[in-house]
Amino acid sequence: MEGTVAHARKKELRQRIRSRRRTLSADHPARSELNAQVSALIESVMRKGAHLNILAYASIAHEPSIDDALDQARTNGARVYLPVVTGAGEPLMFGEATVPMKELTPAGTWGIREPRATVGAEQLVSDLGLALIPGLSFSTEGDRLGNGGGFYDRTFGPQGVAPLLREPGHHLPLSVGVCFEAEYGEKFPVAAWDLRVDAVVTEEGLHTV
């Protein structure tokens, strides 16, 4: 019964957040301000080293676009890697974005803009400085409500590379969830396999969890 209730709660919250996002116009101030906050975050991390490898995402219809921030990051010398879906139930692969975000071609079942897959999660995170993770909501503890496909949980959660990163000698990148301020701090059921982020960035700034 608890599983059924949890599923219904998540489904209702996903629908509500997606409906709200559809009401935000393309030129809504929250959209440009979120890009500005992500750019500021990337710049602050880049100042700590000569270069930076970033895991990010190419937004789909309802997700906050951070295209401008990622294009600026590449201009400033960062290497940007994006997820590539290889199949349902499979962990994500990744490829480097070598062209402006708007030039990436949508592909696959979900029409996601993807580069060519070249690297798996374990290899990628070994030299990663920052991971920007999209979500419909993030709790104040860093728990993530995703779209329901389980791709990020399967790749970066407790059943993915997360345990490997805690072994001696492994580098642990900063993981930051991306959502709008109105979506931050929601309460929702959390499963043992869900990933958790270190911080959340919204149009109002960075929330450390």
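For every residue, the table says whether it meets (1) hydrophobic (A, V, I, L, M, F, W, C); (2) at pLDDT 85 or above; (3) part of a loop (DSSP other than H, G, I, E, B).
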site: E122; (1), (2), (3): no, no, no
site: D127; (1), (2), (3): no, no, yes
site: L132; (1), (2), (3): yes, yes, no
site: E141; (1), (2), (3): no, yes, yes
site: P158; (1), (2), (3): no, no, yes
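Within region 59-71, is even one residue more than 17 Å from the chain's Cα centre (by Cα), at pLDDT below 95 and open to solvent by 20 Å² or more (accessible area, probe 1.4 Å)? No, region 59-71 has no match at all. Does region 113-136 hold any residues that are over 11 Å from the mean Cα position of the chain (by Cα) and buried (at least 18 other Cβ atoms within 10 Å of the Cβ), and which are they? Hits for region 113-136 are R113, E114, P115, A121, L124, V125, L128, G129. Considering region 101-110, and only residues there that are modelled with pLDDT of 90 or more and open to solvent by less than 50 Å² (accessible area, probe 1.4 Å), the residue that is farthest from Y57 (Cα to Cα) turns out to be L104.
Please verify whether N53 is open to solvent by less than 80 Å² (accessible area, probe 1.4 Å), touching a residue at least 12 places away in the same chain (Cβ under 8 Å), in contact with a strand residue (DSSP E or B) (Cβ under 8 Å, 6 or more places away or on another chain) and of a type outside the set (G, A, S), treating the condition exactly as stated. Step through it out loud before you land on a result.
Working: open to solvent by less than 80 Å² (accessible area, probe 1.4 Å): yes; touching a residue at least 12 places away in the same chain (Cβ under 8 Å): yes; in contact with a strand residue (DSSP E or B) (Cβ under 8 Å, 6 or more places away or on another chain): yes; of a type outside the set (G, A, S): yes.
So N53 fits the description; yes.
Filter region 56-78 for residues that are hydrophobic (A, V, I, L, M, F, W, C) and out of contact with any strand residue (DSSP E or B) (no Cβ under 8 Å at 6 or more places or on another chain) and give the result.
Our first condition is that a residue be hydrophobic (A, V, I, L, M, F, W, C); within region 56-78, this holds for 56, 58, 60-61, 66, 69-70, 73, 78.
Listed by number, the residues that qualify are A61, A69.
Pairing residues of region 191-209 that are on the phi > 0 side of the Ramachandran plot with residues that are assigned to a loop (DSSP other than H, G, I, E, B), at Cβ distances under 8 Å and at least 6 apart in sequence or on separate chains, gives no pairs at all.
For region 162-209, a residue qualifies if it is modelled with pLDDT under 85, open to solvent by 60 Å² or more (accessible area, probe 1.4 Å) and touching a strand residue (DSSP E or B) at 6+ places or on another chain (Cβ under 6 Å), but none of them does. One residue alone among S44, S25 is closer than 18 Å to E183 by Cα, polar (S, T, N, Q) and at pLDDT below 95, and that residue is S25.
The values are calculated or read from the model by the stated rules, or taken from the named source; none is laboratory data. Just so you know, these numbers come straight off a predicted model, no measurement behind them. Note that we place each Cβ from the backbone using ideal geometry, even for glycine, and neighbour counts take in every protein chain shown. For the accessible areas, the whole protein counts, side chains as well, though only heavy atoms, and no ligand, DNA or RNA atoms are used. Shrake-Rupley method; radii C 1.70, N 1.55, O 1.52, S 1.80 Å.
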